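The values are calculated or read from the model by the stated rules, or taken from the named source; none is laboratory data. Just so it is clear, the structure is predicted and the values come from calculations on it, not from any experiment. Cβ placement follows ideal geometry from the backbone for every residue including glycine, while neighbour counts extend to all protein chains displayed. These accessible areas exclude ligands, DNA and RNA; they are computed on the full protein's heavy atoms, side chains included. Shrake-Rupley method; radii C 1.70, N 1.55, O 1.52, S 1.80 Å.
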Amino acid sequence: MKTSAKELRDLSNDELQTKAADLKKELFNLRFQQAMGQIENPMRLRTLRRDVAKTKTILKEKYGRV
């Protein structure tokens, strides 16, 4: 699921940090599946990486930390 920057900007600091942690965990699991050759949607890796980057960028913009 692609996350828009507008949706992320509406979240609080704690919610953004939780979202970033969840996305990183999902990204880790997908990378593991890819290594095992069991990944069904390889494009999901790309969207997850970008969502993590968006979340970190907004955290940095709003609160000056990641």
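Data overview
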quantity: Dipole magnitude (debye, nearest 20) for the chain, charges at Cβ of Lys, Arg, Asp, Glu; calculated: 300
quantity: Taking N as its residue count, the alpha carbon Rg of the chain over 2.2 N^0.38 Å; calculated: 1.18
quantity: CD proxy at 222 nm, helix term only [per DSSP H run n ≥ 4: -39500 (n - 2.57); per residue of the chain; nearest 500]; calculated: -25500 deg cm²/dmol
quantity: Portion, in percent, of the accessible area of the chain that falls on carbon or sulfur, probe 1.4 Å; calculated: 52
quantity: Helix 13-36 axis, angle to the chain major axis (alpha carbon atoms, nearest 10°); calculated: 10
quantity: Within-12-Å neighbourhood charge of N29 [Cβ basis; K, R +1; D, E -1]; calculated: +2
quantity: Cα lying deepest toward the dipole's positive end in segment 4-49, options T47, A5, Q17, charges on Cβ; calculated: T47
